[in-house]
Each structure stands twice: as structure tokens, then as C-alpha cells.
Amino acid sequence: METIFAFVIAILVGVGVFMLLSRVIVRVVIGLSFISYGVNLAILTAGGLRQDSPPLLSEPAPYVDPLPQALILTAIVIGFATTALLLTVAIRAYQVAGHDDVAAFGDNLADDPSNPDGNQADSSHPSPDIPDTEAFEPAPGSNEMLLLRARSELRRTFQDTPLGTAQDQTDNQVQKENL
Amino acid sequence: MTVPDPIQLSWPLPGTESALPAAPVILALGTGLLLMLPLSRAARSALSIGVTLLMTVLSALLVWSTGDGTVLSHTMGAWAAPFGIVLVADRLSAWMSLLTSVSLLMTVLYSAAFPDRVREQYHLFALLQLLAAGVQLSFLTGDLFNLFVAFEVMLVASYALTVLGSTREQLREGFRYIVMNLVASALLVATCGMIYGLLGTLNMAHLAQRATELGPSHYVSAFSTLLLIVFASKSAQFPLGFWLPGTYPAVPVAVGAFFGAILTKVGIYALIRTFSTMFTQEPLIAQTTLLILGSATMLFGALGLVSQREWRRILSFAVVTSVGYMAFGLGIGTPEALDATLFYMTVSVLVTSAMFLLAGIAEKATGTSYITVRGMLEHRPLWAAAFMLGALTIAGLPPTGGFIAKFALVQAGFAASSPLTPLIYLGILSALLSSLIILYAMLNIWRGFFWGKAAKDKEVQLRPVSLRQQAPMLLAMFTVAATALAAGPLGGLTSRIAAQLADPQQYISGVLGDRPVQIPPAPTAEDPEAPDHPSSISPARRAPKAEEDHP
């Protein structure tokens, strides 16, 4: 049985590594999941495979060692959390850059002169600008969120204008409205 | 079920059971959760600073209580030592815990002085405490699988901190960082499972005992090499460390200071623990690998230093170089070399933290992340003095602690008589060469930022940086200066740590006691459904662990 498991683990990890090498972010996430499945099976195998021997003291012996299962359970929980976090990062990247591709992160896109934030695929979730403020400001109210949305709309409108002006105009507008 | 003994809060000595090792972890974890409550900014920063001060006191108490060689251990949930999880503080763990608390203090003070609305709204302070909880747990745990859990707590907090703010650079570097670390973690958890399959335990002290009973074994060597790969990637050794120089400049300054100072050192700590405490049977394989990796890392980092023109990118490569030095020190393998490595690690933690904070206020004042500003010596002489201290420490010139550390490392390399002498000489050569290159890179910053006069048309408008905002940097620089001024006591401390590590029996008997481990009989009386049982619960080679409880 160990031999079969070894092959299954090899296939899972192999598939995982193959997907990990992809440029598409979601495939990378799926690849990592495959790797963690393979790893979980590896722990189970290393802890000893035995049939018809539940780790229950109410049953007669033999027992299988329950600890590897506890380890796997912990690993699954942690893997779930990290996968969720990675997917959140992927969604954020998609919103900021408009790609589901590692190229979304690429330095070449950062050079897009008309739009320092890249092409926003989802204008209802603009990426927050990090204010370089010395003084602490309260959290943005609904008005401010409206402004942020309006700004990304304006940015789309002015996308074809030459270097930097769209940004300046929107900034001025925001400042005026703030005043 | 037996009622666990009441947790002893009495003073640790002379018994070794003490709740003290759990204190920094629980404190940080609890504060992290507390900080997620909707508090005002003032309350959050005051709470963070207060708790971090308390954590520093607790860590100092740990260092003090372990100073005479006592190994404090705390059994979580009162499950006896090899079966449940233990938190252990020997001299090394306690010292690393103190370094963590001190770096966290600088980071929290700096974050409190520089408001950052968006990141604080998304729980910057809470994440910093959770990160510290993970780091403290990594240093203080005495269980291999719990080390993995601690790594994950630490890494999940660091992932969140890396991408917090969602700038494009952060997302790019954060994604690389997360994927790289997830792969390494998968390897770590697989290795844990296989080590359990081979040795039947995950308690570090018990692992050490069983590995010694087993004698030199190819399996143990293979698994310890797997651990070596994992920890080398966590500590950014050369072929596995490409994520580091991009990630650390992308995160906010204060967070970068903590990352640079502590996170790579967690990997180094785990390497020390693996090869000085757990698997001491065949040291040559690990030492060969570490010498080669260390030499390559030093040179890679040094060349990276020269290639960069931005403050924090330069400093990130300095972190890479320092990790190379530590790997080299571990590769030499003598107690003297370990002593020098620990001294170097102390200096490196403090100076990295200080230099990142200096970079932060320099960037804040000039409004650019580049070093090509010129003429800051006139405007900010204090910063120039602080930079010189930090630069000399990183480059390793007298009269700084960096010089003492590197001198001790090289001396230990020459003094070592091991079959790896050619590799050690190679390491010494690259250590000296990379020190020279680091000096050149530091002088580059000096020339670019402080020296000369700014061109008339490029006169920089300096933004004000208040004394409160400079204070964390000055405090950190003071600790850097202290490593030179108090080099004697510090050296004594690190050599005592190294002496304790040279004798793993102290750790083992501190955790397991002096009697051999008893496998308890199967429970009988309490469980009405299971009146009597054969004691076949434990196959000969595998001890059942009663329960794992994880944070």
C-alpha cells in the first residue's frame, strides 16, 4: 500500500510543482494546494498505514497511531488559512492591475505613464492610496469613498491625456472638493 | 481525565517548571487580538508600546533566570514532556526572545511616531503583535511540529504586513514571498511527518535522545538535510533567498526594520537548534553545505549592495550578507565559532533595525528613497554620525561591535581544526572580500547622501522630522553602540550560550528530566466504556503522543 501511496504523492506533488510554475496566479494557488495534499498523504504514509485499526481505545487492538492524523488536521487548517490569504492577494492584484497573470506584478506595467495605479479592472474597489501625512486623519467616511471612486472614474476618462496631467487634475479636483 | 496541576507562577529557580517561557507568547497573542477592537489611534499605540515594554521586561527576566544554566520548561496543558507541547527557554532561546522584544520595541515606537491612516485602519499594530507572537513562539517552543505552527503564525502575519496597503510593488513582492514560503513550509511539514515516522516523537529533546540512541543514520542525515533546506530558505541563503531583497524594501519602514532584524534570524536560530541540539550525529554534511551556502550568500549580498541606489534596497542586501556570515559561522562548527556567530547575530539584529529606521527618516526628510541627495552632512550632522556608526558596524571596522564579531568569526575559522579546512578558508576569504565590498557600498551612501554640496538647482526642501520621530532610531543606534561599549559582558553572555549549546544534554535533561522517558500505560479506570485494555497502544518504536494542542 505504501508503494501506491508513494506514487499518488509523487503525482500530486508533480502536478503541484507544474502548476506552480505557471504564470497564471490562480494556477499557482491550485498548485500549492496540490502540493499540500501530497504532503498530507506523505505524513499519513510516514506515520504508518494500517487497515482496520482505528485509533479508538474502545475497540480491541491493534491501533493506528493517531498523531499523524492530528498533524495533518493542523496542516489542513493552516493550509486553508494561507490559501484564503493567497486568494485575497490574487484578487487584490487583479483589481489593481487588471490581469490574472504574474505579469500583473511586472515592473513593465508600473511604467504605464498615464496611470500610476495601472488599469483598474474593478473601479468599485479602488486601491487605497497611502497618504503621506504627518498628522493622523480619521478613517475615510462615505463621502471620501465616493471621491475615491469618482477619482478612478476620472482617471479612466483622462487615460489618454499625456503624462501626469490626469493625476494632477484629479488631485486638484479632490483638493477643491475637500475645501 | 486527571486535573492538571495548577500552573506554577512561583519564581522559577531551582525547579525548571515555570510558566515564564509562555509569557511573551501569550502576551503578544492576547494583545494582538485586543488591538483589533475598535480603539482610537492613541489607545492602540499606547497599548502596543506598553505591552512591548512589558514583553521586553519578561524577556529580560527569561535571560536572567536562564543565566545560570537553568533550562526552564513549561508543559502546555500540563501534558507531560515528550507527549504534549513544551515551551523551553534555555540561554539561546531567552536571548533570542530578548532581541525580538527589543527590535519590536523600536518598530512599535517608530510606527507610533509616523501615523499611517490606511495601514492602521487595517490593524498594523495588531499584526505586529501577532508577528511577534509567532517569532517568540518559534524561539521558545521545544517541539518540532509546534515550530512549524509558530512559523506559520509568524509568516501569516508577515504576509499580511507585506501586502498591507496594496501598492503594486507590495503585491508583486508579497506574492513571491508568500509562494516561496508556502513551498518551504510544505517541505517543513512533510519533514516533520517523516521524522515522526522514523523517531516516533516530535519533542526536540526527545528527538535528540532518540537520534543519539539510533546512532549515525542515513535517514536522520537525510531528514536533517531537508530541515537545512527549509531553514536555509527561511533565512534567505543564497540560491533560496531571492525573495528577500525585493520584499523588505516594499514593506513600510518600521515593518521592514523588524523583518530585516528578526525574521531571517528565526531561520538561523532553527538551524542552530537543529544541528546543535537535535541532530548532532553527523555534523559534517550540514557543515559542508552551510560553508558553501554561507560563502555564496556573503558574496551575493555584497555584490547586490553595490548594485543598488536606494536606501532600503541597499540595506536589504546587507541583511543577506549578514545571514551569509552567520551560516559561515555555523559551518565552522566549533563552540568558539558558535560564540562568534551569536555575537555577530546580536550585533546584526540591532544594527539592521537601527539602519532601517535611519533610512526611514532619511526618506521621510528628503522625500525620495534614493541616496543621491548630497550635502546632508551640513543639515543633519547627528544623522551622519548615526549613519557612520551603523555603516562601520555593518562593514566590520573598529571600534564597533561589528568588528569584534567579524574578527572573532575569522579567528574561529583559523583556529578550527576540521576536515573542512579548505572550505573554511574559502569562507574566510569571501567574508573578508565581502566586508571590503560592504565598506565600499557604505561609503557610496556616505558620498551620495551626506558628503558634498547639493547642486544649486537641485536644492532639496527638507521636511521636518520631529525629535519624537527620530527617537527610535537614536535609541536603536544607542544599542548598536552598546554592543561595542559592553562587548565584554556581551561576549561573556554569548560564550555561555555557546557553552550550553555544546552540551545538548543540558537541554535534554532540562526538558525530560534525568530519568528515561516512561510510556504511560493505557488509561483504564476513568473510561467506563473501555474497562480494560492491553497495553499494546504503543508499538515498540513509536510513542503515542497524548494530544497535540496548537495555538
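Quick notes on this structure:
- Most positive-pole-ward Cα, B:L98, B:S235, B:G360, against dipole of the range B:22-512 from beta carbon charges: B:G360
- Annotation: amide H-H contacts under 5 Å for B:E17 (H modelled 1.01 Å from N, sequence separation of 5 or more, or interchain): B:S73.
- Taking the average, over residues, of other Cβ atoms within 10 Å as the packing measure, peptides B:134-140, B:236-242 rank B:134-140, B:236-242 from highest down.
- Surrounding net charge for B:F242, when Lys and Arg each add one and Asp and Glu each subtract one, Cβ distance under 14 Å: +3
- Dipole size of the range A:2-105 about its Cα centre, with +1 on Lys/Arg Cβ and -1 on Asp/Glu Cβ: approximately 360 debye, rounded to the nearest 20.
- Modelled spin labels at A:Q69 and B:L429, positioned 7 Å past Cα toward Cβ, are 5.7 nm from each other.
- Each label was represented as a point 7 Å from its Cα along the Cα-to-Cβ direction; for B:R463 and A:F80 these points are 4.3 nm apart.
- Charged-residue dipole, Cβ positions (Lys, Arg, Asp, Glu), chain B about Cα centre, Debye nearest 20: 2360
- Greater than 25 Å apart at Cα, pairs in B:K265/B:K364; B:K364/B:K453; B:K234/B:K406: B:K265/B:K364
- Nearest-0.05 FRET efficiency for B:A471 and B:A80, computed from C-beta distance (R0 60 Å): 0.80
- The residues packed around B:N181, meaning those with a beta-carbon under 11 Å from its beta-carbon, carry a net charge of +1 if Lys and Arg are +1 and Asp and Glu are -1.
- Each 20 Å bin from zero up to the one holding the largest Cα-Cα distance in chain B carries the following percent of pairs: 22, 56, 20, 2, 0.
- Value of relative contact order over the range A:2-105, rounded to a whole percent, pairs C-alpha under 8 Å and six or more apart: 26
- Residue exposure proxy: A:T74, B:T352, B:T247, ordered by other Cβ atoms within 10 angstrom of their Cβ from fewest to most, comes out as A:T74, B:T247, B:T352.
- Listed peptides B:311-320, A:29-38, B:34-43 appear in the order B:311-320, A:29-38, B:34-43 once ranked by packing, highest mean of other Cβ atoms within 10 Å at the front.
- Shape of the range B:42-135, Cα gyration tensor, a/c cut at 1.5: prolate
- Per residue, chain B reaches -22500 deg cm²/dmol at 222 nm when only DSSP H runs of four or more residues are counted, each adding -39500 (n - 2.57).
- Take the Kirkwood radius over Cα pairs of the range B:150-215, plug it into Stokes-Einstein at 4 °C and 1.567 mPa s, and you get 93 µm²/s for translational diffusion.
- The range B:40-199 shape via C-alpha gyration tensor axes, a/c threshold 1.5: oblate
- The range A:28-77 and the range B:350-414 have their alpha-carbon centroids 50 Å apart.
- Note on B:L436 and B:S217: with the Förster distance fixed at 45 Å, the Cβ-Cβ geometry gives a FRET efficiency of about 0.60.
- With a 10 Å cut-off around each Cβ of A:67-76, the average count of Cβ atoms from other chains is 6.
- Simple spin-label estimate for B:L284 and A:L87 in nanometres, 7 Å along Cα-Cβ: 5.1
No lab work stands behind these numbers, since they all come straight from the coordinates. No experiment lies behind these values; they were computed from the predicted model shown. A quick note on method: Cβ atoms are made from the backbone with ideal geometry, for glycine too, and the neighbour counts reach across all protein chains shown.
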